[in-house]
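Participant: Mind having a look at this structure? Questions to follow.
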Amino acid sequence: MRSDKPSDSTKEEDPNKSAVEAITDPTKGIGAIKNVTMNTPLDQERIKRGEEIYNMKCQACHKLDDKRVVGPGWKDITTRRKPEWIMNMILNVDVMLEQDEEAQKMLELCLMRMPNQNLSIGDARDVLEFMRQNDGEK
Amino acid sequence: MKTNIVYRGLSVLVILAGLVVWQGCKPKAPTTVTMGDAASKVYVAPGQYDEFYNIVSGGFNGQIGVYGIPSGRLFKILPVFSVFPESGYGYSEETKPMLNTSHGNVPWDDLHHIALSTTKGEHDGRWMFANANNTPRVARVSFKSFRTEEILEIPNSGGNHSSPFITENTEYLVAGTRFSVPMGGKDVPISSYKENFKGSISFIKVNPESGRMNIAFQLRTPGFNFDLSRAGKGASHGWFFFSCYNTEQAYTLLEVNASQNDKDFIMAVNWKKAEEYLAQGKGKVEKVKYAHNIYDDKTHSATTTMENEVTVLDVMEFPDIVYFIPCPKSPHGCDVDPTGEYIVGSGKLAAMMPVFSFTKLQAAIAAKDYEGDFNGIPVIKYESALHGEVKKPGLGPLHTEFDEKGNAYTSFFVSSEIVKWNVKTLEVLDRVPTYYSIGHLSVPGGPTSKPHGKYVIAYNKITKDRYLPTGPELTQSAQLYDISGDKMKLLLDFPTVGEPHYAESIPASMITPNSTKIYKIEENENPYAAKGEGQARVERKGNEIHVYMTAIRSHLTPDNIEGVKVGDEVYFHVTNLEQDWDVPHGFAIRGALNAEILIMPGETQTLKYKPLVPGIVPFYCTDFCSALHQEMSGYLRVSAAGSNTPLKFSTGVIEGEASGAGH
Ligand SMILES: [Cu+2]
């Protein structure tokens with residue numbers, strides 16, 4: 001008698017593992033995020049939270065200009081990538097690195113797997129708002 | 001089908017090995033061949049989980065080993081009472097206080113017994129408790145983090161063997177002294193044992209929410225040795241039973257002089273009665289000194305509080321707290337069956353095993369059915385408390401565990417066997433050999449009101465020829481037996497670390513869902529945390545240098561540090577910025593006179609380093625963390641004392657651009 005592996009207990013809050021199915025629009029990446037509504041003017045509260053998360057969990061590898069350190073610099077990322085793709089990359093990075101062509105190309109370049117930093121959907125959305133501001137949106 | 005093939009291959013091997021090895025020297029060998037489909041019963045396929053966690057005391061390694069059952073695979077060693085350079089436990093600034101005692105920092109101990117927390121007599125999967133036998137202490141280890149969270153020193157104790165047995169709702173755990181000693185560190189002749197030496201049993205209260213421990217009271221007893229113990233349960237809840245030996249009160253050559261009496265005692269303690277006396281203010285407060293060490297999950301740091309008082313009840317003044325039951329010949333195990341009605345005494349030198357009845361004991365007390373007294377404490381008539389004797393069970397009974405079907409399993413050290421018998425009828429049902437000299441044994445849930453059954457595991461003192469030889473010192477071992485049928489069946493030998501004494505097993509399903517995966521960096525309250533690379537820095541305070549360093553795959557920030565001088569004390573406070581499961585980083589620096597530190601995701605740990613000579617000193621991450629792990633390193637420049645090299649630090653800055661913190 002062996003017990004089965006217990007299912008991932010963080011499943012509820014953690015969208016990473018839930019949606020592995022390919023979605024119709026590959027430019028949106030793979031994961032739970034199918035549609036992101038973006039408003040202007042930017043939400044200042046979100047930006048503030050997003051910056052705090054960046055300082056704590058992302059800054060070690062991503063700079064805000066276009067220079068690559070460990071990961072790519074974030075300058076112009078919001079014009080390069082769809083918002084859904086960015087959030088899926090943050091929330092579902094293991095699957096993205098396995099299956100998404102664009103993410104894989106980056107991995108071949110950086111040779112370092114982007115870590116799962118355990119962000120909630122809300123956290124990832126905050127970071128996205130911060131990225132928009134960094135790219136000059138108002 | 002696959003398992004069949006595996007098994008067949010195995011049995012051929014076993015038989016061959018038997019022929020080759022055995023012919024020479026070993027008459028008992030053929031019985032070592034396991035029977036039936038043993039291999040498939042312990043086979044846990046790659047990627048599959050075991051059914052039980054087996055929490056095994058490490059004896060003289062001072063640690064706990066975590067194994068899987070039925071596979072016998074070792075998952076982890078948890079440092080408790082001994083330093084562990086592998087993780088930095090006892091070496092990092094944060095964990096050093098865990099090993100503080102009234103004697104100073106004691107970096108080693110002898111860990112004998114495990115008690116898993118229970119609610120209503122059943123496992124609740126919250127904590128593991130363990131005892132330190134040498135410098136008396138008890139520890140609480142979390143089932144979430146698998147870390148030692150608390151260590152409490154026991155004052156007035158000469159060696160904490162009779163510990164840490166727990167009551168059915170984890171109200172108390174006990175710490176009974178193995179050696180009686182004069183209280184208060186009195187300087188007296190050893191030969192004044194009878195007059196001056198006393199026993200002491202601490203009742204440690206466990207906070208039901210936090211698990212925090214404190215000594216509620218101590219019972220002062222006549223001087224002799226306390227060996228093992230069990231709490232009552234069900235009907236006998238409110239009572240505790242202790243085996244006592246050396247009622248001869250010998251103080252030399254105990255081997256002979258403590259084996260004179262036909263009977264020693266099982267001491268029955270009515271702890272609810274003791275609580276009543278305490279509530280009436282009958283306890284005496286005594287001045288003592290003992291350390292209480294607590295590890296905080298939020299600051300990732302331990303603190304020591306020196307306590308200086310304990311409340312004592314002298315049982316010679318309150319004779320209705322304690323009763324002695326005569327028990328043949330130096331009892332070791334003193335085990336209570338799942339119903340709480342039967343108490344099994346295992347006299348190491350006795351040819352039979354008495355089983356006492358709690359109902360009869362109560363009747364005997366009510367009728368004052370005493371055969372006399374010992375230092376004023378009533379001694380119950382043996383027959384009045386006796387349910388019956390297990391006749392000719394084996395040689396050298398030590399410990400008894402129980403299954404869910406009313407059976408008991410007793411280990412016999414001298415005759416190297418486990419004997420199964422029926423608790424009610426006292427009839428011997430089966431016996432199996434162990435290889436060799438079994439000490440403790442364990443049935444999953446065996447000490448609880450609801451045993452999980454299925455297996456009995458033997459923890460043997462001697463392995464002799466069971467494993468490939470490794471010089472004079474051989475591995476210790478465990479053996480797994482299937483007890484689901486009428487006959488016990490040997491399934492597996494597996495080696496263990498240290499010297500296993502008592503162990504418990506608990507279903508994995510009660511533990512795995514709650515296991516900590518990461519420490520949330522937002523919740524990190526270590527005062528030296530750098531929560532993000534922006535906070536990485538170096539500060540000088542007199543001759544102390546504090547490096548607030550971050551680690552993430554795969555660089556340390558800062559990784560160039562200058563301006564440290566001989567005579568400085570450098571504290572590397574390393575915060576792991578990862579937030580993913582199973583990504584620890586390590587930190588080590590050349591010539592450090594301590595150990596490495598391993599830092600879990602979101603955690604901060606500190607390594608102290610004192611440079612002794614000028615030069616460039618490399619440091620690096622010791623835990624292979626990514627393809628670029630070998631790059632995860634840095635340099636510390638150490639200048640001569642009194643030199644004026646400015647303090648500076650950076651990461652990723654090529655000289656010429658360097659200016660303070662470099663990002
Ligand atoms: Cu590393």
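Participant: Please work out the average accessible area per residue across the protein assembly as shown, using the 1.4 Å probe convention, and give it in Å².
Facilitator: Accessible area per residue: 41 Å².
Participant: Looking at the P(r) of chain B, how many percent of alpha-carbon pairs lie beyond 32 Å?
Facilitator: Looking at chain B, the distances longer than 32 Å represent 55 percent of pairs.
Participant: Another question, if that's okay. For the range B:523-650, just the Cα atoms, rotate onto the principal axes and tell me the three extents in Å, largest first.
Facilitator: 45, 29, 25
Participant: Also, I was wondering about something else. Please find the FRET efficiency linking A:Gln99 to B:Ser633, where r is the Cβ-Cβ separation and R0 is fixed at 30 Å, and quote it to the nearest 0.05.
Facilitator: Once the sixth-power term is evaluated, E becomes 0.35.
Participant: Please find the FRET efficiency linking B:Lys144 to B:Asn644, where r is the Cβ-Cβ separation and R0 is fixed at 41 Å, and quote it to the nearest 0.05.
Facilitator: E(calc), rounded to 0.05, equals 0.25.
Participant: Can you check what the net charge comes to around B:Gly90, using other residues whose Cβ is under 12 Å from the Cβ of B:Gly90 (Lys, Arg +1; Asp, Glu -1)?
Facilitator: -3
Participant: Amide H neighbours of B:Lys565 under 5 Å, counting only residues 5+ apart in sequence or on other chains, H built in-plane at 1.01 Å?
Facilitator: Here B:Ser639 satisfy the definition.
Participant: Related question: Just add up the charged neighbours of B:Val423: K/R +1, D/E -1, any other residue whose Cβ is under 9 Å from the Cβ of B:Val423.
Facilitator: -1
Participant: At a probe radius of 1.4 Å, what is the per-residue accessible area of B:Ser650, in Å² to the nearest 10?
Facilitator: 10 Å²
Participant: Please give the calculated 222 nm ellipticity per residue for chain B, where each DSSP H segment of at least 4 residues contributes -39500 (n - 2.57) and the sum is spread over every residue; nearest 500 deg cm²/dmol?
Facilitator: Helices in chain B give a 222 nm mean residue ellipticity of -2000 deg cm²/dmol.
Participant: Suppose every Lys and Arg Cβ carries +1 and every Asp and Glu Cβ carries -1, with no other charges. What dipole size does the range B:523-650 come out with about its Cα centre, to the nearest 20 debye?
Facilitator: Its charge dipole is roughly 660 debye.
Participant: Defining a contact as two alpha carbons under 8 Å apart and six or more residues distant in sequence, what relative contact order in percent does the range A:61-122 show?
Facilitator: Answer for the range A:61-122 is 26 percent.
Participant: Additional query: Between B:Met632, B:Thr448, B:Trp108, whose Cα lies farthest towards the positive end of the dipole of chain B when Lys and Arg beta carbons carry +1 and Asp and Glu beta carbons carry -1, centred on the Cα centre?
Facilitator: Of the candidates, B:Thr448 comes out farthest on the positive side.
Participant: Along Cα→Cβ, 7 Å out, is where each label goes; now give me the distance between the ones at B:Thr311 and B:Tyr382 in nm to one decimal.
Facilitator: For B:Thr311 paired with B:Tyr382, the spin-label model returns 3.9 nm.
Participant: Something else now. Over 23 Å between Cα atoms, which of B:Lys120/B:Lys348; B:Lys144/B:Lys608; B:Lys96/B:Lys284; A:Lys28/B:Lys517; A:Lys57/B:Lys610; B:Lys120/B:Lys205 qualify?
Facilitator: B:Lys120/B:Lys348; B:Lys144/B:Lys608; B:Lys96/B:Lys284; A:Lys28/B:Lys517; A:Lys57/B:Lys610
Participant: Now for a different question. Would you please report the Å³ per residue occupied by the convex hull of the alpha carbon atoms in the range B:278-332?
Facilitator: It is 185 Å³ per residue.
Participant: For B:Thr512 paired with B:Leu429, estimate the spin-label separation in nm (one decimal), with each label point 7 Å from Cα along the Cα-to-Cβ line.
Facilitator: So the label points at B:Thr512 and B:Leu429 sit 3.0 nm apart.
Participant: Continuing with the same structure: Are there trypsin sites (Lys or Arg not before Pro) in the range B:222-264 that DSSP puts in a loop and that have at most 14 other Cβ atoms within 10 Å, and which ones?
Facilitator: Nothing satisfies the criteria.
Participant: Mind running the shape call on the range A:66-138? Use the C-alpha gyration tensor, a ≥ b ≥ c as the square roots of the eigenvalues: rounded below 1.5 for a/c, prolate if a/b tops b/c, oblate otherwise.
Facilitator: oblate
Participant: For the protein assembly as shown, what is the charge dipole size about the Cα centre, in debye to the nearest 20, if Lys and Arg each add +1 at the Cβ and Asp and Glu each add -1 at the Cβ?
Facilitator: 1180 debye
Participant: Just grab the label-to-label distance for B:Glu473 and B:Arg590, each label 7 Å out from Cα along the Cβ direction, in nm (one decimal).
Facilitator: 3.1 nm
Participant: At 4 °C and 1.567 mPa s, what whole-number value in µm²/s does Stokes-Einstein give for the translational diffusion of the protein assembly as shown, with Rh from the Kirkwood sum over Cα pairs?
Facilitator: Estimated diffusion coefficient is 44 µm²/s.
Participant: Can you pull out the GluC sites (Glu not before Pro) in the range B:572-663 whose DSSP state is coil and whose Cβ has at most 13 other Cβ atoms within 10 Å?
Facilitator: Here the GluC sites (Glu not before Pro) that fit, given the DSSP loop and packing criteria, are B:Glu655, B:Glu657.
Participant: Could you tell me which trypsin sites (Lys or Arg not before Pro) in the range B:317-372 are loop residues by DSSP with no more than 13 other beta carbons within 10 angstrom of their beta carbon?
Facilitator: Passing sites in the range B:317-372 are B:Lys368.
Participant: Here's a follow-up. Quick one: net charge around B:Gly498, please, counting Lys, Arg +1 and Asp, Glu -1 for every other residue with C-beta under 13 Å from its C-beta.
Facilitator: Its environment carries a net charge of -3.
The values are calculated or read from the model by the stated rules, or taken from the named source; none is laboratory data. None of the values given here were measured: they were computed from a predicted structure. Please note: Cβ atoms are built from the backbone with ideal geometry, for glycine as well, and neighbour counts cover all protein chains shown. To get the accessible areas, we keep the full protein, side chains included, count just its heavy atoms, and leave off ligands, DNA and RNA. Shrake-Rupley method; radii C 1.70, N 1.55, O 1.52, S 1.80 Å.
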